[in-house]
């Protein structure tokens, strides 16, 4: 084996739930140290398909590329396994959709075929009322931009009207940057201290740029207790909940929570690996009767029934300031238009990622910013409808 | 009849003013329950061409598509009949324009051929004075964006100058967002309380984002009483009039009122169906000597002489925040340039809808926002001129 | 003569300095009343080439089109003669440039061939200092947009740095809208009351949106007296001078004044027709040792030596709010880069008009706004260089 | 020799370190006075390849064009020699890269081949944390735009998050213009007086628009003393250091300083010519253990080890307000993403220049502004990756 060689790894230990040992372990070690290009077929030898908690990480092939068939393996969804899989390519093998549908698994990959039928038809005589009126709550002194991005994203996803509840000091920023949105003002200049009664709105989004001041914490709890409309809970609203876990019971049923991994840790505890975190996510959804959208390279959506949906769009250029705020706006927009929370989550996450892919294609992953995601939502809708 | 069949419905009860009964009613019921694709020719059987007040809604074919000849039927203009017509397609049948012109009907569909000759020629030596100076009045704390959109739309429709009368607290928003517009400031920071004498202006638009504070109400009445220039009355200005119906007599003759259906209800009362609402609109125009632009999928324009013009451009993507404010700006712009109020209404509504169609084509109906309508006005002018 | 005929008018009274009388006058009357399409060759019969003061306006052909040879006649430059010439087309007749150059006339039409060699070459090692630092002075409460447009136009015309002296209340507007410009602040919040010493700047522009408050008047005079750098005087600065004609002597030599016709009337008095106004403009330049850029369809540039340059670019879409402010920015930018005032005027007016033509071609004359002129300056430079 | 002739100058005195004298000097004088087009091959006769301090400037050919082989000569990098070289064209002569690499010289020209391998790979599971959180410090009353440009440039170069420490009065400007950036506020409304502890950030940039108030000076020194993260020092931060040279020792090791020539003079003293200034730059880097990015037509990057890198991208259109602020943003962005300071400097300067070239190609050198550089960063990344 010279470093110039290519090694094809064809599953000499995969699919087991026990780590590879003995001579095979020795071979894996040699291959990993060889400097050769390693291509794993289906799954790197030694890597389990789902839970790798009990696995021996020194007994797993570190591939440069993995060629897998039709489906992603669950373990490919977790960041810690990228060092084993390298770049993953899926090969279609002609599976009929009906077979796929009937395969029993709680895990699904979201693709265009799944999202297209979820998109609501807009009728000729529909009016602003049909498309709903969303209430976005958040912002604080020095962090108003999150609200700007959230409101713009909501408007570009088909909502009828958006009103932003913001600290009064943010009025000029909001109105200059998003003339299409209306603003209502907190009595506090710099923070959220008391939130408008959401009864007259169709959906709400809360958290972007909101901060965690004690008056904001109180206001959030009251808001959740009174909230009878579908709601997206994001960012600092989640962080406040993390610091007041007894308020979990006040989260309205079927709310959508959109933590990134750090925020989810604060909410539900730290786990050693991706599989455990996923299990934790599913349990959290079940216990709190909510949808959790755990953001990442493969954003995972869990719901109280135990199903999990992994997103297939998006790229690392979306790891940029304000990217999460645009997702909150997209989700609130879909809820206001009457999408069921789970459908809103599936469609919203896919649209967000696809818009990000369109932006990155034009501007590079480095150069795209959150505003570019928003500007690409229209093309994302077009591609899904035409696709 | 299996659900896969296509049924062609060729008018076995249409054109009558009495509901279908007996065996034909039974057949219609069967067809509607069949699950087949139904295509009506000319008009769905059982549907009257104009007023369906006394009709039996269980005795009307529910078509998926209606193929009609050359003209839209009046009843197709009303939202409640979409469930009978499905998607309407017009088939040209070679009618000569002179025949169309001579057909006696108070109803006309606005198309490019009607609008093109209405557009004023701009001459080489024309200057800012030729194109007029418009006064836009409105805005309030948290709702200044409406004025931003209105002023931008006016500027992009050919006016010479725009001045905005706004609450003083809106100064920064307005000037940042629309450097081409000038601002004059109300003594009130958050509301309109006293409106500049409009004598030195060529036209005015009043209402966008204005609110209904009591000082604003008084200011509006004074403004209307003193107004000797053509004026567009929109949004909260209409809502104030609804709450002060005795002020109807203060509306300057040939003013353009631009209510959406809810606003029109408040002005003129609720009606059970589209035809009655249309009759009501015509009467309102007659009684108050004004033009009513009733916004909707087929915006209807009524004038004191009893004629009604239905718009043929536009789409449901325009059911988005600020869309109405852009129409107010467009209409004020045309009035300031010396268009007769009826011509301004016909041309303005058509341009607004066409700009919306251009925006939706590029961005999807979901993703387009009011600013995109404004940015497409130029291409709308080009298409009408070239069309 | 039926109204369908075309009449070719071949100069049966032109070139004279006395009005046409008798039978010829009668024929002209008949032609003008015929309803026929009239095409004049060279110049409509009866119209004088320059001064039509003493002419009999009932003895001049009213053409629909005039086909003229190589040159515009002077009288074609004046708005009041458009009704005689109709649309003017120039036919090239192969005149050699050297003949044109040697023809003795104080009047020249500015075209791309004249402007191209005036444009300064930018060298590889040139730096911000080479391109100058301009001071723009103006703005007032509610009219800050003029400064935004002026500063943007200056930056897009090649200047190194721009500083804006503005009322302190305009700081946020200016800095939000033009991050590339620096601001210095008047002690007054709403007006200009005391202007920074311009000694450290390369050129200045004064007037856009400035108002005429008495403190502003005093400040302007002091500024002019101290000004040792090339300066563009526009808008309200001109209006203040009109109200204080004794300050004319304080205008720094070779300043560029950019009045529109109304402003020029206030400065130099009203004249009955275009030719008299032109003579007045030439005299004004001579007496006040300044360049006058009289804005209009054919902007005329006069200089103390008696020469006049007419612009050949531009369109009526430029008769829009802020169009003049962008010209002020362009001229100041060229002065700051070391262009001689006359060259700056010729090149600046041509670039401004060409940018306007580019904007109108894309957006229609109705829909283009001043910001679009600014955004088209780059393409204007490219076209001149390539042309 | 008639002025129409072309003279080919083939090195009859070049490469020497002593000035040309006698008959050759006489010939050079004749050639320079001839009015002919002069083309020098390799280098104009009489010009030394590096240091021309002791040279006789009357004994050097003044070429219109210089055709040189594969490499730029060092002396071509200096503005004062442009009058000898005219426009320089490089002719490839098939040198193998390994020969180039092994040539011992402290001087390198930065090109796409050098930058491409420096660009970090972004991995699928990378998140905002991976791409760092930058702290940009600066701004003052009337000069906030520099911060707007710096923050935007940082975001468009791949950073995860940007926080701007600004005078509190700049809050609205910053948040309106860059919703993706967060702001923290100085206790002073108009200046920087106390800087946030940078410990929680990945990199910092300080200086744009900051002013030199005495409280700002104190704040800067404290900041430098406490700074343990990579930092870019620019603009007024450099000017403050120039006035407090004893603080040089507080500059954190391997900081990037980005002076333009005037700023560098204030820091390190004035030199008579480009070569001396370069030597001075190298010594400054060595003494202060920092990287100096001396901005100009061929920006030179010196580092403590004595190597110098000259940039090959960029154009005189970048001699425009705010161009330097965008470079600061780009460099801070790369540092925050974990680039070594020298690599950040090489890649950042090349990207900045290439983005400027893309902007100038679209808009002309005159019309491009700093915002256009920022908007072209994405295409610059794409070109380098594809190149």
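The table for this structure:
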read-out: Residue under evaluation residue D:158, criteria (1) in contact with a strand residue (DSSP E or B) (Cβ under 6 Å, 6 or more places away or on another chain); (2) touching a residue at least 40 places away in the same chain (Cβ under 8 Å); (3) at the interface with chain A (Cβ under 10 Å from one of its Cβ atoms), criterion not met; value: (1)
read-out: Residues (outside any helix (DSSP H, G or I) and away from chain B (no Cβ under 12 Å)) located in the range C:313-340; value: C:313, C:337, C:338, C:339, C:340
read-out: Candidates C:300, C:255, C:285, filtered to the one that is within 14 Å of chain B (Cβ to nearest Cβ), under 21 Å from residue C:349 (Cβ atoms) and touching a strand residue (DSSP E or B) at 6+ places or on another chain (Cβ under 6 Å); value: C:300
read-out: Test: residue in the range C:103-126 that is surrounded by 24 or more Cβ atoms within 10 Å (Cβ to Cβ), part of a loop (DSSP other than H, G, I, E, B), touching a residue at least 40 places away in the same chain (Cβ under 8 Å) and more than 14 Å from chain B (Cβ to nearest Cβ); value: no
read-out: Selected residue [part of a helix (DSSP H, G or I), at the interface with another protein chain (Cβ under 7 Å from one of its Cβ atoms), in contact with a helix residue (DSSP H, G or I) (Cβ under 6 Å, 6 or more places away or on another chain) and more than 16 Å from residue C:326 (Cα to Cα)] from C:217, C:175, C:221; value: C:175
read-out: Test: residue in the range B:281-292 that is modelled with pLDDT of 95 or more and under 12 Å from the mean Cα position of the chain (by Cα); value: yes
read-out: Of all residues in the range C:358-374 being at the interface with another protein chain (Cβ under 9 Å from one of its Cβ atoms) and out of contact with any helix residue (DSSP H, G or I) (no Cβ under 6 Å at 6 or more places or on another chain), the one that is surrounded by the most Cβ atoms within 10 Å (Cβ to Cβ); value: C:371
read-out: Yes/no for residue B:344 being in contact with a helix residue (DSSP H, G or I) (Cβ under 8 Å, 6 or more places away or on another chain), modelled with pLDDT of 95 or more and at the interface with another protein chain (Cβ under 10 Å from one of its Cβ atoms); value: no
read-out: Test for residue D:355: is it touching a helix residue (DSSP H, G or I) at 6+ places or on another chain (Cβ under 7 Å) and free of Cβ contacts under 8 Å to residues at least 40 places away in the same chain; value: yes
read-out: All positions within the range A:162-190 that are surrounded by fewer than 21 Cβ atoms within 10 Å (Cβ to Cβ) and touching a strand residue (DSSP E or B) at 6+ places or on another chain (Cβ under 8 Å); value: A:168, A:184, A:185, A:188, A:189, A:190
read-out: Lone qualifier among D:142, D:170, D:138, D:129 - being at positive phi and either more than 7 Å from every other protein chain (Cβ to nearest Cβ) or at pLDDT below 95 (or both); value: D:138
read-out: Candidates B:380, B:355 - the one that is within 9 Å of another protein chain (Cβ to nearest Cβ) and assigned to a helix (DSSP H, G or I); value: B:380
read-out: Filter result for residue A:83 (touching a residue at least 40 places away in the same chain (Cβ under 8 Å), within 14 Å of another protein chain (Cβ to nearest Cβ), outside any loop (DSSP other than H, G, I, E, B) and surrounded by fewer than 19 Cβ atoms within 10 Å (Cβ to Cβ)); value: no
read-out: Verdict on residue C:194 being within 13 Å of another protein chain (Cβ to nearest Cβ) and assigned to a loop (DSSP other than H, G, I, E, B); value: no
read-out: Among the residues listed as A:262, A:271, A:246, the single one being surrounded by fewer than 24 Cβ atoms within 10 Å (Cβ to Cβ), free of Cβ contacts under 8 Å to residues at least 12 places away in the same chain and in contact with a helix residue (DSSP H, G or I) (Cβ under 7 Å, 6 or more places away or on another chain); value: A:271
read-out: Which numbered condition residue A:350 fails, given (1) within 13 Å of chain D (Cβ to nearest Cβ); (2) at negative phi; value: (1)
read-out: The one condition in (1) under 14 Å from the mean Cα position of the chain (by Cα); (2) within 23 Å of residue D:367 (Cβ to Cβ); (3) crowded, with 24+ Cβ neighbours inside 10 Å that residue C:302 fails to fulfil; value: (2)
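For (1) at pLDDT below 90; (2) under 30 Å from residue B:299 (Cβ atoms); (3) more than 14 Å from chain A (Cβ to nearest Cβ), each residue gets a yes or a no:
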| residue | (1), (2), (3) |
| --- | --- |
| B:6 | yes, no, yes |
| B:12 | yes, no, yes |
| B:29 | no, no, yes |
| B:49 | yes, yes, yes |
| B:66 | no, yes, no |
| B:69 | yes, yes, yes |
| B:73 | yes, yes, yes |
| B:94 | yes, yes, yes |
| B:99 | yes, yes, yes |
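Every residue, every condition in (1) in a strand (DSSP E or B); (2) over 16 Å from residue A:174 (Cβ atoms); (3) within 14 Å of chain C (Cβ to nearest Cβ), yes or no:
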site	(1), (2), (3)
B:147	no, no, yes
B:153	no, yes, yes
B:163	yes, yes, yes
B:180	no, yes, yes
B:183	yes, yes, yes
B:199	no, yes, no
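The values are calculated or read from the model by the stated rules, or taken from the named source; none is laboratory data. These numbers come from a predicted model, not from an experiment. Reconstructed Cβ throughout: ideal geometry from the backbone, glycine too, with neighbour counts over all protein chains shown.
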